[in-house]
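I have placed the structure first, in the form of structure tokens, so that the comments after it can refer back to it.
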Amino acid sequence: MITSNIYNKVLGLALAVLTFAACSDTWNDHFENKGKEMKDYTLWEGISQNPNLSNFAKVIKGCDFDKSLSSSQVFTVFAPTNDHFSAQEADELITAYKAEKGKVNENDNIVIKEFIHNHIAMYNHSIYEGTNDSLMMMNGKRTKLTTTSFGNNPILTKNELYSNGILFTIDGKADFATNIFEYLRKDADLDSVSNFFYSNHFYHHEFIPGRSIAGGIIDGKTFYLDSVFVQRNDLFNFLDAELNEEDSTYWMVAPTNTEWKKLLDEYQPYFNYDNQVRFRDSMAYTAPRLAIMEGTIFSRTLNTDAHLTDSARSTSASYSYVNRQRMWGNSNLHYYQYGGISSTNTQKPFGPEGIFNGTENIQCTNGQVMKTSNWRINKLNTFYQCIIVEAEDRGSIKEISKFTDSRTNEEVGSVTPITRRVLNNNPFYGKVWGDAFVEFEEATNDSKVQHAVTFNIKDVLSNIGYDIYLVTAPALANDSNATEAQRRPTQLKCTLSYHDQEGKVQNKVLGDKIATSPDEVGYILLAEDFKFPCSSWGLVEAEPQVTLTVSTNVSRKGTTWTKTLLIDCVMLVPHGIATVDEERFTIEPHGDGDIYYRLKK
């Protein structure tokens, strides 16, 4: 609309005049050359008419940025002169710009980001005697500005005032300082990692209205004289690492393309989702790649040189006993952490088998990329985990069996779950997982009623072998004076439910006459090397795909059996890494990795 265009120009000019008027006193106080006056034309006109800036002007025009420098937006420009920026360099930049144009976001175009935005700042920034500042450029980088220099480049001319900003000339191109996130795009060996991090699944630019300059309202909509966008990457949140932030320091272990392909080929079968899973294809793409990268980034704030001689804790690790218990079912598990007091010297981070051994380290502004073609991060330390479902944890129990109360004719639970704690003076302290278990006490004396409890099991991987255990607790673990009747065993039936490829529920009886051990922690091996056809890793499930139902199977209680269930936990352990010996459950070193933690005290 013509009216709108006129309104835009008039309002923009008015705001620009007001801006300069408001700042003019300050400028006059600080300019070394107080006699300078504002020219009545734009920065682009000033640059394009200066024969000593023709090469810089060529890039500005060739990359379509002349329109911005002709607008009512206010900029400060640091332009390299022809003596220090050749026509050939200008042509090469324009070619590189055109090669990416339309393929990436404009602000991600390497020439816009690393050259044009690296020489231009928003708003007016003059220098005066004693200036010693850190100037935020359009690409988010900070460059040191003094009375005589811009970064590493001496300033040749300064404080040239135009209708929409200030112009400086400098004696060379400003250096572009690359952070970890930016470096990934520059290294051809890391294309696979880069493509994942820069994928549209995660990476986007978010408009920040609070930091943008509103120009007014037209047709009920706000228009902006200056629109500010910031980089957002959902992976940074997931990995708890802002890899594009300049004020943080990280180390990132990154596999080369060859190593990435090898890992992806191995990991993809573990993340086969059933056909009914929402966004199945997206999950199947994302999950194995997350499995590679989770646990590869290390904050140097938390990993000092002294710490790294012994162990390295990635940003995906947890320092909290409570969080480890909540996330992984046991506080003694140390996933995403490498080395430690139980590991050998060869397995410590810089040892011959350590995760940092043999990496090529590239320094960046916020740390270093540790490129490797010999992946030493063992999957058993990251996503290939034991699944421990503690009976007493919130959300572990899906449902309990019910019966019809003859007095009220209502359905009620046939058992009452009661959490029992193992005190530190009890002989079973340290032998029961989390030093707690659940007693499912009978709520009816009807001898015909069998009792059942169904446990939710989340985050299973497909096509790997699990050893499935039911762990029971003795009555003595709660009461050292438990009676003979309280200490009786029970007989169980266990049924595993899971989805097939079409999303249909499959039920498999893992045992129908399983006797518990009355006076010891019982590790009942329900299935060995069992493979689920479909994964539920990473799914938010209101109704988990995988459940285990434990029910009594006692025909007559008498003096032999009880129908009271004493359940500690359900465990799914990757086949071949666990041993049960004298009531201790330990994880053994496996392959060339360092599974250094014990699951039992």
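Against the conditions (1) part of a loop (DSSP other than H, G, I, E, B); (2) surrounded by fewer than 20 Cβ atoms within 10 Å (Cβ to Cβ); (3) within 41 Å of the chain's Cα centre (by Cα), VAL460 satisfies every one except (2). Close Cβ contacts (under 6 Å, 6 or more residues apart or on different chains) running from residues in the stretch 477-496 that are closer than 25 Å to TYR429 by Cβ to residues that are among the aliphatic types (A, V, I, L, M) and not in a loop (DSSP other than H, G, I, E, B) comprise ALA482/ALA475; ALA482/LEU476; GLN486/ALA475; ARG487/ALA475; PRO489/ALA515.
The condition (being surrounded by 14 or more Cβ atoms within 10 Å (Cβ to Cβ), in a strand (DSSP E or B) and under 30 Å from the mean Cα position of the chain (by Cα)) is satisfied by just one residue among THR495, THR547: THR547.
Checking THR147, THR178 one by one, the residue that is surrounded by fewer than 16 Cβ atoms within 10 Å (Cβ to Cβ) and touching an Asp or Glu at 6+ places or on another chain (Cβ under 9 Å) is THR147 and no other. For SER71, the conditions (1) open to solvent by 20 Å² or more (accessible area, probe 1.4 Å); (2) touching a strand residue (DSSP E or B) at 6+ places or on another chain (Cβ under 7 Å) all hold with the exception of (2). When PRO518 is tested against (1) more than 35 Å from the chain's Cα centre (by Cα); (2) within 30 Å of PHE383 (Cβ to Cβ); (3) open to solvent by 10 Å² or more (accessible area, probe 1.4 Å), exactly one condition is not met: (2). Pairs linking a residue in the stretch 357-373 that is farther than 13 Å from LEU243 by Cα to a residue that is among the β-branched types (Val, Ile, Thr) and surrounded by fewer than 18 Cβ atoms within 10 Å (Cβ to Cβ), with Cβ atoms under 7 Å and 6 or more positions apart or on different chains, are SER373/THR258.
So for the stretch 501-512 (the condition being free of Cβ contacts under 8 Å to residues at least 40 places away in the same chain, part of a loop (DSSP other than H, G, I, E, B) and open to solvent by 30 Å² or more (accessible area, probe 1.4 Å)), does at least one residue qualify? Yes: the stretch 501-512 contains one or more residues that are free of Cβ contacts under 8 Å to residues at least 40 places away in the same chain, part of a loop (DSSP other than H, G, I, E, B) and open to solvent by 30 Å² or more (accessible area, probe 1.4 Å).
Quick check on the stretch 260-272. Is at least one of its residues touching a residue at least 12 places away in the same chain (Cβ under 8 Å), part of a loop (DSSP other than H, G, I, E, B) and open to solvent by 20 Å² or more (accessible area, probe 1.4 Å)? Yes: the stretch 260-272 contains one or more residues that are touching a residue at least 12 places away in the same chain (Cβ under 8 Å), part of a loop (DSSP other than H, G, I, E, B) and open to solvent by 20 Å² or more (accessible area, probe 1.4 Å). Is there a residue in the stretch 419-429 that is in a strand (DSSP E or B) and open to solvent by less than 20 Å² (accessible area, probe 1.4 Å)? Checked against the condition, which is being in a strand (DSSP E or B) and open to solvent by less than 20 Å² (accessible area, probe 1.4 Å), the stretch 419-429 yields no hits at all.
Scanning the stretch 116-129 finds one or more residues that are farther than 21 Å from SER194 by Cα, of a type in the set (A, V, I, L, M), in a loop (DSSP other than H, G, I, E, B) and over 35 Å from the mean Cα position of the chain (by Cα).
Going residue by residue through the stretch 425-435, is there one that turns out to be over 27 Å from GLY576 (Cβ atoms) and in contact (Cβ under 8 Å) with a residue 60 or more places away in the chain? Yes. Among the residues of the stretch 525-562, those identified as of a type in the set (D, E, K, R) and at pLDDT 90 or above are GLU528, ASP529, LYS531.
Looking across THR95, THR81, THR42, THR76, one residue alone is open to solvent by 60 Å² or more (accessible area, probe 1.4 Å) and among the β-branched types (Val, Ile, Thr). It is THR95. Among the residues of the stretch 156-175, the one identified as open to solvent by 30 Å² or more (accessible area, probe 1.4 Å) and β-branched (Val, Ile, Thr) is THR157.
The values are calculated or read from the model by the stated rules, or taken from the named source; none is laboratory data. In this text the structure is predicted, and so the values were computed from the model without any measurement. Note: ideal-geometry Cβ built from the backbone for every residue, glycine included; neighbour counts use all protein chains shown. Accessible surface is based on the protein model in full, side chains and every heavy atom, while ligands, DNA and RNA are left aside. Shrake-Rupley method; radii C 1.70, N 1.55, O 1.52, S 1.80 Å.
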